[in-house]
Structures are given as C-alpha cells and as structure tokens.
Amino acid sequence: MRLFHKPIVAACLLAWAAVMPAHAATVDVTYDLRPTYKSIDGVGTRTATYRSDLVGATVLARFGDGTTENWEFIQHTSNIFSVRVDHESPDLSFTYDNSNTFSMNASKLLTNLTVNMGRANVIFDAGEYPDSDVRNSPTTKIGIEFNVSAGGDALTGVIGAHYSGHVRIGNHMTGEDAFTQLDLDFTGLDGGGQLGGISWRADLDVLATPSDLALLSQVPLPAGMGLLLTGLGALAFAARRRRRKYV
C-alpha cells in the first residue's frame, strides 16, 4: 500500500481549508399563516420585479445600541430601472437590484430589520411550491424562501426570518406562500447582530392591480369559537416552522 508523505497531506488540507467557508450561519424561517389581507386579482403575468414596484414599502432597522432607522421607498425618476429605492446613512446602506436581491452594509451592529410591502405593488412569494400544490396561491409562481446569497460565510449563529401579513388571494383558503412583511432577527448571530455587508434574496411577485390589497374584516365569532381557533392556529403555526438551513 502506498503511503502519503505527511507534509504533502498537510499542504493539501491547508489548501482545502483555504477554499472552504470558515463559518456557516444558519437560517430559521417561520410563517404566520393567520390571514391578514385579501387580494382579488392576485399576481400579474409580469415576472420581473422592478424597483418602481417597491415604491411605498417601508423598512425599519434596529441597532444594538437601541437606536432605529426607518424609511420608505420613494420614486425619484420616471425610469423604472433607475428609481431610487435605497437608503444611505452613516450606520447602514440598503438597496434592491431588480433581481429579488437586497444588499446592505451595516457599520453599526444591526439586530433586527423589518420590510413591509403593504403599501407597495408587490408581495413576498415565500413558498417553493409548484402550481399543483394546494399551498400555492392562485397566480403566484414558484417562490423563493428567504436565503442569504452573499456574505453568509463570514457569519456564525442563527438568522431568524419570519413572514407575516398573510395574503389570501381570491377565495383560496389553503395558500401558504403570500405575505406582506418579512422580519429578520440577527440577534442569534455571534456578537448579537450583523455587522458588515451581506446580500439576501426573497422572492417578490408584482400585483396585477395596484392597491389591490385590503385588510380582512374582523367577523365576530360565537362564544368559545375564538379560543378554539386560537388553539388550532397555534398548532398550525408550530407545524409551519422550517428546519434550519445552512446559508
């Protein structure tokens, strides 16, 4: 049997370690499936999401020192490709690049980030379900669950991604993929937050009709029914927790 020379083996291991990520943060994705909004017309046929579709969306950033920054995506030009939907401050830069990718760079420890599309012309499509799956809402395509696309190798710990503001499209009762809000929790990372630059993806679908989202009305329930639904909702929510995925 041929034996490998120890220095050669050591050199190979060092070379392998140099190209492999030294860290691997994980992502824990959860969903709140309580219906909050309704869309009559659902998603349009256009598959590309431009910056102009995000106009009206709001973002809230929270930092480890207790300070916050919040802003709204606004339109500065008539060209849909050059519409400005970014944010720049001494502590955080944030932008969207027309391909379901958000990029940000934090120079101060970022603990939480909330992105709300309720007043924009898009919704998050977080379900990786084919059209034949009952969990796929009518008109939505196969979505993309939140994932860190760049910079995650420099992180250790856990990133929490929570979808809420569930959208019911038409009278479809079993959809589990359409949401208006994404909350990111970075406190599970080593150091208690995110520092530096990362990029993350979350699929966005353009609504067929602007301002189509409407809050579902609160219908009074018979006595005792509210408690039953609360218990069933808690079970459903627990069942919808996703296993952690490596970034």
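Give the residues of the stretch 77-90 that are farther than 22 Å from GLN181 by Cα and either at pLDDT 70 or above or basic (Lys, Arg) (or both), sorted by residue number.
Here is the first cut: in the stretch 77-90, the residues farther than 22 Å from GLN181 by Cα are 77-82, 89-90.
Result: SER89, PRO90.
Name the residues in the stretch 10-33 that are part of a loop (DSSP other than H, G, I, E, B) and at pLDDT 95 or above, would you? Give the steps one after another, and end with the answer.
Our first condition is that a residue be part of a loop (DSSP other than H, G, I, E, B); within the stretch 10-33, this holds for 20-25, 32-33.
Passing the criteria: ASP32, LEU33.
Filter the stretch 175-208 down to the residues that are under 22 Å from VAL43 (Cβ atoms), in a loop (DSSP other than H, G, I, E, B) and of a type in the set (D, E, K, R) and list them by number.
GLU176, ASP177, ASP203
With the condition being farther than 21 Å from LEU189 by Cβ and open to solvent by less than 40 Å² (accessible area, probe 1.4 Å), I'd like the strands (runs of 3 or more DSSP E) fully within the stretch 118-174 carrying at least 1 qualifying residues. Outline the logic, then answer.
Details: elements: 122-125, 147-150, 158-169.
Fully inside the stretch 118-174 and qualifying: 122-125, 158-169.
The values are calculated or read from the model by the stated rules, or taken from the named source; none is laboratory data. Everything numeric in this text was worked out from a predicted model, so none of it was measured. Backbone-built Cβ (ideal geometry, glycine too); neighbour counts: all protein chains shown. Please note that ligands, DNA and RNA were not included when accessible areas were found on the heavy atoms of the full protein model with its side chains. Shrake-Rupley method; radii C 1.70, N 1.55, O 1.52, S 1.80 Å.
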